[in-house]
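Undergrad: Okay, here's the structure, questions in a sec.
The values are calculated or read from the model by the stated rules, or taken from the named source; none is laboratory data. As the structure is a computational prediction, the values presented were derived from the model and not from experiment. Ideal geometry is used to build each Cβ from the backbone, glycine not excepted, and the neighbour counts take in all protein chains shown. These accessible areas exclude ligands, DNA and RNA; they are computed on the full protein's heavy atoms, side chains included. Shrake-Rupley method; radii C 1.70, N 1.55, O 1.52, S 1.80 Å.
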Amino acid sequence: METTMVYSVAGMLGGRSLIRERPFRAPHHTVSVAGLVGGGPMVRPGEISLAHNGVLFLDELLEFGRHVLEALRQPLEEREIAVVRARRTVIFPADFMLVAALNPCPCGHYGNPLRTCTCSQAAIDSYRGRLSGPLLDRIDMHVEVPAVSYRELASSETGESSETVRSRVEKARARQMTRAGCSNARLPSRTLRATAGLDADGHRLMERAVEKLALSARSIERVRRLARTIADLDESENVRGPHVAEALQYRALDREVGQ
């Protein structure tokens, strides 16, 4: 119903009486701030509200304007966006899953064993510097995706089926709902400390990671939420060292290039 109302306000129902599929929005990197968060004379919802209850996919993330990316900070934290205009303020829902993709460097070949990167260290640092620390802190997982060889692409071997993965995810979500009545992503900070207590190995890993990566308080909380989810997928009541270690591996952009 919420998603349908957003699309109705935007005039994008297209004859449908109800939106029955989760939205998937993938705006071009030339989108403006108003196009992303909403605005205009009639104050229409932007892409983040059109992705409400669905996915917002930003391809070539670092090609988006810096001011456009920074506009994501409030909705990622509060799951809504306040659009302020001269005569009124409108609050649109913006509870979306952000998925973004970016190259590791300007030429796109850093870390590729088959191609030589032609970028200087200064160029790589400048390129990655377009993504601010406060925004990076609000992204749960930074996953490196290495180049895939032709042999792997042409292989007839299959991995886990989607049905198997879905079953494991549903069991993990059921554990979360039984434990706290909500997913780990929605746990209040105080409840997170009570339900995601680390063992001795986990505390040692976190301490070393905070010292080496200079993690912010917000990043530390993200790691603990993710470790709690990894433990749930592992059907473990306790968050152990290996769960923390895996969660820390998903903070790739917190590491300096080459680490």
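Undergrad: Consider the stretch 174-192. How many of its residues are open to solvent by 40 Å² or more (accessible area, probe 1.4 Å) and free of Cβ contacts under 8 Å to residues at least 12 places away in the same chain?
TA: Selection size over the stretch 174-192: 8.
Undergrad: Same structure, new question: Do we find that Arg179 is within 25 Å of Phe96 (Cα to Cα) and part of a helix (DSSP H, G or I) in this structure? Spell out how you get there, then give the answer.
TA: Numbers: within 25 Å of Phe96 (Cα to Cα): yes; part of a helix (DSSP H, G or I): yes.
Yes: the conditions hold for Arg179.
Every residue, every condition in (1) modelled with pLDDT of 90 or more; (2) of a type outside the set (Val, Ile, Thr); (3) surrounded by fewer than 13 Cβ atoms within 10 Å (Cβ to Cβ), yes or no:
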| site | (1), (2), (3) |
| --- | --- |
| Leu114 | no, yes, yes |
| Cys117 | yes, yes, no |
| Arg128 | no, yes, no |
| Ser149 | no, yes, yes |
| Leu153 | no, yes, yes |
| Gly159 | no, yes, yes |
| Val165 | yes, no, yes |
| Ala172 | yes, yes, no |
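Undergrad: Let me ask something additional. Which one is farthest from His142 (Cα to Cα), of the residues in the stretch 82-102 that are under 17 Å from the mean Cα position of the chain (by Cα) and not in a loop (DSSP other than H, G, I, E, B)? Reasoning before the result, please.
TA: Our first condition is that a residue be under 17 Å from the mean Cα position of the chain (by Cα); within the stretch 82-102, this holds for 94-102.
Among the residues that remain, those that are also not in a loop (DSSP other than H, G, I, E, B) are: 97-100.
On the way: Met97: 14, Leu98: 12, Val99: 10, Ala100: 9 Å.
Once the filter is applied, the top-ranked residue is Met97.
Undergrad: Further, regarding this structure: Would it be correct to say that Ala200 is surrounded by fewer than 15 Cβ atoms within 10 Å (Cβ to Cβ), under 26 Å from Val99 (Cα atoms) and not β-branched (Val, Ile, Thr)? Full working, then the answer.
TA: Numbers: surrounded by fewer than 15 Cβ atoms within 10 Å (Cβ to Cβ): yes; under 26 Å from Val99 (Cα atoms): no; not β-branched (Val, Ile, Thr): yes.
Considered against the rule, which asks whether it is surrounded by fewer than 15 Cβ atoms within 10 Å (Cβ to Cβ), under 26 Å from Val99 (Cα atoms) and not β-branched (Val, Ile, Thr), Ala200 comes out as no.
Undergrad: Let me ask something else. Residues that are out of contact with any Leu (no Cβ under 9 Å at 6 or more places or on another chain) and of a type in the set (A, V, I, L, M, F, W, C), at least 3 per element: which helices (runs of 4 or more DSSP H) completely within the stretch 108-163 meet that? Explain how you work it out, then say what you get.
TA: Values: elements: 121-128, 133-137, 150-154.
Correct list: 121-128.
Undergrad: Looking at Ala101, Ala86, which is the one that is among the small types (Gly, Ala, Ser), within 30 Å of Val6 (Cβ to Cβ) and open to solvent by less than 60 Å² (accessible area, probe 1.4 Å)?
TA: Details: Ala86 fails: open to solvent by less than 60 Å² (accessible area, probe 1.4 Å).
From the options Ala101, Ala86, the qualifying one is Ala101.
Undergrad: Just to be sure, is Gly65 out of contact with any helix residue (DSSP H, G or I) (no Cβ under 7 Å at 6 or more places or on another chain), open to solvent by less than 50 Å² (accessible area, probe 1.4 Å), farther than 17 Å from Met5 by Cα and not acidic (Asp, Glu)?
TA: Answer is yes for this residue.
Undergrad: Another question, then. Working only within the stretch 205-259, note down all residues that are open to solvent by 50 Å² or more (accessible area, probe 1.4 Å), in contact with a strand residue (DSSP E or B) (Cβ under 9 Å, 6 or more places away or on another chain) and among the polar types (S, T, N, Q).
TA: Across the stretch 205-259, the qualifying residue is only Asn238.
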